[in-house]
1. Which residues, counting only those in the range 377-391, are under 21 Å from R358 (Cβ atoms) and either in contact (Cβ under 8 Å) with a residue 60 or more places away in the chain or buried (at least 21 other Cβ atoms within 10 Å of the Cβ) (or both)?
2. Would you please name the residue that is surrounded by the fewest Cβ atoms within 10 Å (Cβ to Cβ), looking only at residues in the range 5-53 that are within 19 Å of D255 (Cα to Cα) and of a type in the set (S, T, N, Q)?
3. Only residues that are of a type in the set (S, T, N, Q) and crowded, with 24+ Cβ neighbours inside 10 Å: list them for the range 144-174, please.
4. Hey, which of the helices (runs of 4 or more DSSP H) in the range 238-347, taking only ones fully inside, have at least 1 residues that are farther than 30 Å from I29 by Cβ and touching a residue at least 12 places away in the same chain (Cβ under 8 Å)?
5. Residues that are over 23 Å from the mean Cα position of the chain (by Cα), more than 23 Å from T609 (Cβ to Cβ) and of a type in the set (A, V, I, L, M, F, W, C): does the range 408-431 have at least one?
6. Any idea how many residues of the range 115-163 are part of a loop (DSSP other than H, G, I, E, B), of a type outside the set (S, T, N, Q) and either within 13 Å of D71 (Cβ to Cβ) or modelled with pLDDT under 95 (or both)?
7. Scan the range 348-362 for residues that are in a helix (DSSP H, G or I) and either touching a residue at least 24 places away in the same chain (Cβ under 8 Å) or among the acidic types (D, E) (or both) and jot them down.
8. Yes or no: the range 602-609 includes at least one residue that is at pLDDT 95 or above and touching a His at 6+ places or on another chain (Cβ under 6 Å).
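The values are calculated or read from the model by the stated rules, or taken from the named source; none is laboratory data. Quantities reported herein were computed from a predicted structural model and do not represent experimental measurements. Glycine also receives a Cβ, built like all others from the backbone with ideal geometry; neighbour counts cover every protein chain displayed.
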Amino acid sequence: MSRLLEKINSPRDIRSMTYKQLGALAKEIRRYIIETVSKNGGHLAPSLGVVELTLSLHRVFNSPVDKIIWDVGHQSYAHKIITGRRDEFSTLRRFGGISGFARPSESEHDAFGTGHSSTSISVALGLAAARDLKGENHSVVAVIGDGAMTGGMAFEALNQAGHLKKDLIVILNDNEMSIAHNVGAMSGYLTRLRTDPMYSRGKEDLEQLMKKIPIGSALLRFGERLKDSLKYLVVPGMLFEEFGFIYLGPVDGHDIKALSSVLQRAKTTKGPVLVHVLTNKGKGYRPAENNPGRFHGVGSFDVNTGEIFKNSDNPTFTDVFGRTIVRLAHKNKRIVAITAAMPGGTGLINFARLFPKRFFDVGIAEQHAVTMAAGMACAGYRPVVAVYATFLQRAYDQIMHDVCLQDLPVTFAVDRAGIVGEDGPTHHGLFDFAYLRPFPHMVVMAPKDENELQHMLATAVSYPGPVAIRYPRGAGFGCKIDDDFKLLPLGQAEVLRKGSDVTLLAIGSMVRPALEAAGLLAGRGIRATVINARFVKPLDEECILHYAGHTGRIFTIEEHVLHGGFGSAVLEMISAKGLKDIRVYCLGIPDTFVEHGSPALLKARYGLTADQIARAVTDKVVPKSRIRRLRVVSDNL
């Protein structure tokens, strides 16, 4: 443990330190973060960029009495280290260890649980309003990145905060990045604030000028009008001042003394204040500074070289999606791609390069992405919205109202579905079957492997209505990729193995474990039919009912919550047919939020390995051959 860092057990310990000591402490914290993330993976570049800001916040404000809300929370590593979790930090993102995001159950210094973007100002305003209702007196601070400011929710909160005029501080952490480079008018506005000297000195110049304008005479009205006009011309942060905020900045986010001074001023200012802080994402680690997008969320890596370790040489499902949409777009000029600030994470980098006019990165604005896609579909295009399963939840109403209600041909490429691992409950994609399945017109598919993914995508962009394809995070199975696309018949399952004792009805990532389980069951005398369902909606009723009647028992297997999921769909269908003699057992995720940990460990925890599937079947199924032998023995008796 570094010399200064080993003395830090709470924010109180940094308040008596000199600025020189705080600068040295910042370097030690960075080394600790880099060392830990190189082993555990995590959000490196965002956390490295806010070390000085974190120290300044805890030097000026008295957490946990004062409330600090970290938007998304992926940049809170330094905050965790200095709020009593220094020794636990080595367990970051490991099962049973501390979370990679803010979590109130972990520390009283985490004022609110976070994980998704653009929420902090709304939370802070809620806390400020509650504070005032209680008659309490403490500060509330929201730390939000310029990337998160592309989300509409942030502006909804700014609008309400300016109206209510609550004492509230918003720290705009401006590093010109979210995950990818920021897009849109807000990004351009902030860039001008960062770079134009006129913005930097405009406010001081205006204040000097206004002192010379006569007050209390016939010139008063003219003076006020001149003041307003000049403010629009030269004052930095006018957008925020129009929202009702007092704007302070921009300020160097790596100068602790300057930051502390501005934050102290914000603390004593009445009403809503926005502090504009300029930081460098990845600060202090050259590979992350040079490539902040790559080191935004990263797996384990070599500290000396920055080389990221690969778990597999097989292409990921995301890679295959990216290659497939490019191939399809060459053939069909109506295909367009839309993503919400994640061109790299969703595999659209090559599409954007090859078809720049047909690629749209809307920023962190999933609602807008879906409705924009609906508009393009109305005009005859075939939009593909590439988004993580956990973030598509943010556009629930738009999927229903703007796409499904109008039966528009929008394809949702739902990446990182299922258990995603160390990012934990805010990022697992375990609810998409349940929230997509109820919508009329929606088709929901899940491929068993990366080869089937490309056929599903080709099928989806040829279908005249809305389609969602959900696929997992990480490497594929290394299966052969077909040269030609096959259009899959709507709602048709695939029988992979036949048996007379039990039917294993699996979807998506669970098909291979089901096949492996069938092999294990064969060694126990249980002959299993294995069906790759392919479709959650519509179900292949004919196929399922045929084998259900043949074996009498069905096990549905899904990497998804059981409530409202694939198994629920099968149960509903069996019930609607009045088939009381067929036993249905559902394997999946119970009614809980799944914690963080490696995908393999978490799947084992919830009974989704081949061996566990085989054991679950063995506990419920007696082979028909054994039943016949028992009958023979009974008859002989």
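1. Narrowing the range 377-391 to residues under 21 Å from R358 (Cβ atoms): 377-387.
Once the filter is applied, which keeps residues that are under 21 Å from R358 (Cβ atoms) and either in contact (Cβ under 8 Å) with a residue 60 or more places away in the chain or buried (at least 21 other Cβ atoms within 10 Å of the Cβ) (or both), the range 377-391 yields A377, R382, P383, V384, V385, A386, V387.
2. Result: S16.
3. Taking the range 144-174 as the starting set, the residues that turn out to be of a type in the set (S, T, N, Q) are 150, 159-160, 173.
T150, N173, listed by residue number.
4. Values: elements: 238-242, 256-267, 286-290, 317-331.
Passing ranges, in order: 238-242, 317-331.
5. Looking only at the range 408-431, we keep the residues that are over 23 Å from the mean Cα position of the chain (by Cα), and these are 408-409.
In the following step, the residues that additionally are more than 23 Å from T609 (Cβ to Cβ) were identified as 408-409.
Cutting the leftovers down to of a type in the set (A, V, I, L, M, F, W, C) gives us 408.
Looking for residues that are over 23 Å from the mean Cα position of the chain (by Cα), more than 23 Å from T609 (Cβ to Cβ) and of a type in the set (A, V, I, L, M, F, W, C), one finds at least one in the range 408-431, hence yes.
6. Residues of the range 115-163 part of a loop (DSSP other than H, G, I, E, B): 115-119, 135-139, 146-147, 151.
Imposing the further condition that a residue be of a type outside the set (S, T, N, Q) reduces the set to 115-116, 135-136, 138, 146-147, 151.
From what is left, the residues that are either within 13 Å of D71 (Cβ to Cβ) or modelled with pLDDT under 95 (or both) are 115-116, 146-147, 151.
Number satisfying all stated conditions: 5.
7. Start the filter on the range 348-362 by keeping residues that are in a helix (DSSP H, G or I), which leaves 349-354, 356-358.
Residues satisfying the conditions are I349, N350, F351, L354, R358.
8. In the first step, residues of the range 602-609 are kept if they are at pLDDT 95 or above; the result is 602-609.
Applying the additional criterion that residues be touching a His at 6+ places or on another chain (Cβ under 6 Å) yields none.
No, the conditions are met nowhere in the range 602-609.
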